[in-house]
Amino acid sequence: MASLGRYAVKEFLGQVRHLVLTGVAVAVGVAFLVLSVGASNALVDSFTQTAAAEVGPGAVQVTAAEGGGGLPADAARRAAGVPGVASVAERLTGPGTLLTASGRPLDEAALVVSVAADPGLRWQRLAAGRWPAGDGELLLDEGTADRLGVATGGQAGLLRADGSTGRATVTGLLDTGSSPTLSGHPVVALPQGAAPAWGARLTTGQLDLALAPGTDPAAAAKAVGQALGDAVTARTHAASVAEAESANKAIHSVVLVAALCFVLIALAVARMVVTNTFAVVLAQRARQLALLRCVGASQQQVRRMILLQGVLLGVLASAAGLAAGALVALLGTGVLALVDLGPVSVSLLPSWEVFLTAGLFGLLLTTLAVRGPARLASAVPPVAALAESGAALPELGRRTVRGVVSALLLGFGALMLVVGARGGSAVALLAVTVGAISSFFGVLRLARFLLPPVVALLGLPARRFFGTTGRLAAQQLRANPGRTGSAASALLVGVTVAVSAATAISVTGGSLESMLSARQPGAFSLATDDGRIPAGVLAALDRRPELAVTPVRTATLTVDGRPTMVIAADPARLNGAAEGVAEARALRDGEALAVRRAGTALRLPDGTSWRSRPGPSALPFSLLPEARVYVSPATLAKAAPDAAVATAWITVAGSADRAGARAALDEALAGFPGVRVTDSASEAAYVRDLLDTMLLVTTVLLGFSMVIAAIGVAATLTLSVDERTRELGMLRAIGLSGEQLRSLLTLEAALLALAGALAGTVLGLLYGVLAARSLTGEGLTLSHLPVGTVLLVLASAGLLGVAASVLPARRVRRMRIVRALHAA
């Protein structure tokens, strides 16, 4: 047994040249695993650190107790009276309105925050300039300053809390990119004493306390909690940081699972590369394996010998992958250290447990990938050593059984895809997912039969443009369908997943964008900081023929014993395609549409009740997010005669287009700076931007799978050169030049890559469209197919194929004719 082990090691060392590219594929997969976990940890660490930074520098933080309903109005005064408390800063937050140069408000409400008077209690981060010191000074976030065209030292227009307009000097800019609370919307930071004059409905969300020297934070927190009562929670700085960090544990799991999904795809492709390479190498050594059987080696010994070689490859490749992953992680960490990330300091280098797991995973992957070829190789009979034309690996198992299983997988997958194509539910998406997986495995099992015809199709233009070289390349790939199918299958997996993900995201995003825009109650809506639309606004809008205005009246009534916001609007002028509008037009007096509790009676305090129409309705939420019940204007007038207009929806009237209607709207509201306009298309654009980001991240991560597949193509071509040395020498002898032989291998690589990419593109488009259909139902539109992404994937596959041919083509070009003709 020891001698057989030494022989296995010796043979492995002799085959290293043939297995080096396969080892690189495994190493890339292992490195990808290390970097994915490291990057996931770094991303979550950045979330955790930013959340901890928002706790602020105060020694004690006071927040409202869960379910407490907010801090008491005199909480700051009472906290300041606790012994040991040196100063107290209130964190005031609330909506505000910034004005553009034309005097109109920004469409999006600004977030007004207070800046503590005590510099030691300021939790915001200053990017440029200085902190505001008086009533006429403020800070803006960098993005909003750019939108307004205001620089440090300039003037910004705001709406005061009393409804008048004013201007203040911008003393500096805030860095909000690393702040979960401040990022994503316009921010105005004002001195704590001046903030109430500019922000409407400001509330105190937190108290930050500085302590006198020598005061124990834990004791001070306990004393403050006792002074303010059970309605608040007082924590030390360390406890507040721990609370903020604990909230990110769930995020870590989600991010890590998402990253590992891409890693598993890459490692699955790497496993296919290992299996294919060992199958080719062992096929070339079939006669040698038969001789081992002749001298007494059993099937089990031959199998163990090959498995040992797989273990050796796995150990070396995993070690190389771990080293590469650690090096890239260290370099990435160094680069991040040079970037200003605010309070965030992260490392891409994961823990030693991750390195150990990744190494074991790479070893296990390689060992499992070798099992199939080892099983075939151990079945070579001893008599095969006497064959004059050389031995070949036998095919184990019945071809008929494999064909039946493949057909069943395809049939079941097709059935599930048809079921899922009905769309519009989570069950439909599950059916499409199961159908795609099942049918794809069926395609992979039949790749040796399905991909050669694709190669033949691609070979037609190759013959026309490259003549003899193109014809020989296509013939060579068709002559060995098993190897062609195996080599192209790795790229087939990567391209299928990439194109299906890109198609599903792009088509879903485009369809949702169209659906969200088309199904809103109107093109525009109005909002104010105090939640009331002045009567003069409605009169000004009614005078514009381009606009159809629908006021939405609201009242908070006691329904079924609970305070409930009830709204009413004339549905005749609302967008008829919006969800719930048709039901609202058919609504009778005393009937209601409810977000919940549909189909039941809604009881009022005076003993009357409204009958809720069957089925939950989205219309109340669409008209006003806080609303829960919709009734007709006549019904609301009886229950709340003084119901105020909280918002208004505007649709485009007559022959005007959306841009013309928006211009008319802004002109009509020129005298009402407190009224903001929201474009209903902005929500759809936000969804689209989010999905575009997902598409970019997905494409980049799946690129690793395509690189590993290209390495597999290179490995197959390299082994093919060794196997066809005599044939290639004969081609040189009859007149083919070294340049033509190089072109031959380049064409073979390109055809292999494009065959896998083309088949993967077709499958990916099918799976992606069906997945989008399952999510959007009848709202599916195919005008958003990711044509650019698909063309990029195909071009990348072709370039990867050409790159994969560089090393084999270089060897062929240097081949000596006489030595090649004498090759065995």
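Here are the numbers for this structure:
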{"read-out": "Candidates Arg463, Arg448 - the one that is farther than 30 Å from Leu267 by Cα, part of a helix (DSSP H, G or I), over 21 Å from the mean Cα position of the chain (by Cα) and among the charged types (D, E, K, R)", "value": "Arg463"}
{"read-out": "Scope the stretch 26-63; condition under 16 Å from Val273 (Cβ atoms) and either charged (D, E, K, R) or out of contact with any Gly (no Cβ under 6 Å at 6 or more places or on another chain) (or both); matching residues", "value": "Val28, Gly29, Phe32, Leu33"}
{"read-out": "Residue match in the stretch 47-54 (condition: open to solvent by 20 Å² or more (accessible area, probe 1.4 Å), farther than 30 Å from Leu327 by Cβ and not hydrophobic (A, V, I, L, M, F, W, C))", "value": "yes"}
{"read-out": "Among the candidates Ala369, Ala323, residue that is of a type in the set (A, V, I, L, M) and surrounded by fewer than 16 Cβ atoms within 10 Å (Cβ to Cβ)", "value": "Ala323"}
{"read-out": "Among (1) modelled with pLDDT of 85 or more; (2) surrounded by fewer than 22 Cβ atoms within 10 Å (Cβ to Cβ); (3) under 30 Å from Pro217 (Cβ atoms); (4) in contact with a Gly (Cβ under 8 Å, 6 or more places away or on another chain) - the single one Thr100 does not satisfy", "value": "(3)"}
{"read-out": "Residue list for the stretch 268-312, filter: of a type outside the set (Val, Ile, Thr), open to solvent by 10 Å² or more (accessible area, probe 1.4 Å) and closer than 29 Å to Phe440 by Cβ", "value": "Ala268, Arg271, Met272, Asn276, Ala279, Ala283, Leu307"}
{"read-out": "Lone qualifier among Leu701, Leu691, Leu669 - being more than 30 Å from Gly96 (Cα to Cα), open to solvent by less than 50 Å² (accessible area, probe 1.4 Å) and in contact (Cβ under 8 Å) with a residue 40 or more places away in the chain", "value": "Leu701"}
{"read-out": "Subset of the stretch 549-591 [of a type in the set (A, V, I, L, M, F, W, C), under 40 Å from the mean Cα position of the chain (by Cα) and over 27 Å from Val537 (Cβ atoms)]", "value": "Ala582"}
{"read-out": "Selected residue (criterion: surrounded by the fewest Cβ atoms within 10 Å (Cβ to Cβ)) from residues of the stretch 579-597 that are in contact (Cβ under 8 Å) with a residue 12 or more places away in the chain and of a type in the set (A, V, I, L, M, F, W, C)", "value": "Val595"}
{"read-out": "Any hit, the stretch 544-552, residues being in contact with a Pro (Cβ under 8 Å, 6 or more places away or on another chain), crowded, with 19+ Cβ neighbours inside 10 Å and at pLDDT 80 or above", "value": "yes"}
{"read-out": "Any hit, the stretch 144-159, residues being of a type in the set (D, E, K, R) and touching an Asp or Glu at 6+ places or on another chain (Cβ under 7 Å)", "value": "no"}
{"read-out": "In the stretch 127-141, the residues that are under 32 Å from the mean Cα position of the chain (by Cα) and at pLDDT 90 or above", "value": "Leu140, Asp141"}
{"read-out": "Number of the condition not met by Ala80 [criteria: (1) free of Cβ contacts under 8 Å to residues at least 40 places away in the same chain; (2) closer than 30 Å to Val302 by Cα]", "value": "(2)"}
{"read-out": "Lone qualifier among Ala436, Ala456 - being over 15 Å from Ala757 (Cβ atoms), touching a residue at least 12 places away in the same chain (Cβ under 8 Å) and over 24 Å from the mean Cα position of the chain (by Cα)", "value": "Ala456"}
{"read-out": "Selection within the stretch 240-263 - at pLDDT 80 or above and more than 16 Å from the chain's Cα centre (by Cα)", "value": "Ser240, Val241, Ala242, Glu243"}
{"read-out": "Residue match in the stretch 184-194 (condition: of a type outside the set (A, V, I, L, M), open to solvent by 50 Å² or more (accessible area, probe 1.4 Å) and at pLDDT 90 or above)", "value": "no"}
{"read-out": "Answer from Ala259, Ala238 - the residue that is open to solvent by less than 40 Å² (accessible area, probe 1.4 Å) and not charged (D, E, K, R)", "value": "Ala259"}
{"read-out": "Residue ranges of helices (runs of 4 or more DSSP H) in the stretch 231-326 with at least 1 members under 30 Å from Ala64 (Cα atoms) and of a type in the set (Gly, Ala, Ser)", "value": "237-246, 249-284"}
{"read-out": "Cβ pairs under 6 Å, 6+ apart, first in the stretch 131-155 and touching a residue at least 12 places away in the same chain (Cβ under 8 Å), second among the aromatic types (Phe, Trp, Tyr) and in a helix (DSSP H, G or I)", "value": "none"}
{"read-out": "Residue in the stretch 630-652 that is among the β-branched types (Val, Ile, Thr), free of Cβ contacts under 8 Å to residues at least 60 places away in the same chain and assigned to a helix (DSSP H, G or I) present", "value": "no"}
{"read-out": "Meets criteria (closer than 28 Å to Gly70 by Cβ, at pLDDT 85 or above and open to solvent by 20 Å² or more (accessible area, probe 1.4 Å)) for Thr181", "value": "no"}
{"read-out": "Members of the stretch 517-543 found to be outside any helix (DSSP H, G or I), open to solvent by 40 Å² or more (accessible area, probe 1.4 Å) and closer than 26 Å to Gly576 by Cβ, listed by number", "value": "Arg519, Arg543"}
{"read-out": "Qualifying residues in the stretch 600-648 (those that are among the basic types (Lys, Arg) and surrounded by 17 or more Cβ atoms within 10 Å (Cβ to Cβ)) - the one farthest from Gly580 (Cα to Cα)", "value": "Arg628"}
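Yes/no matrix, rows are residues, columns are (1) surrounded by 15 or more Cβ atoms within 10 Å (Cβ to Cβ); (2) in contact with a Lys or Arg (Cβ under 9 Å, 6 or more places away or on another chain); (3) part of a helix (DSSP H, G or I); (4) modelled with pLDDT under 80:
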| residue | (1), (2), (3), (4) |
| --- | --- |
| Ala391 | yes, yes, no, yes |
| Met416 | yes, no, yes, no |
| Gly435 | yes, no, yes, no |
| Pro453 | no, yes, yes, no |
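The values are calculated or read from the model by the stated rules, or taken from the named source; none is laboratory data. The structure presented is a predicted model; accordingly, all values stated were derived computationally and were not measured. Heads up, the Cβs are rebuilt from the backbone with ideal geometry, glycines too, and the neighbour counts pull from every protein chain shown. Each accessible area value is taken on the protein alone, full model and side chains, heavy atoms only, with ligands, DNA and RNA left out. Shrake-Rupley method; radii C 1.70, N 1.55, O 1.52, S 1.80 Å.
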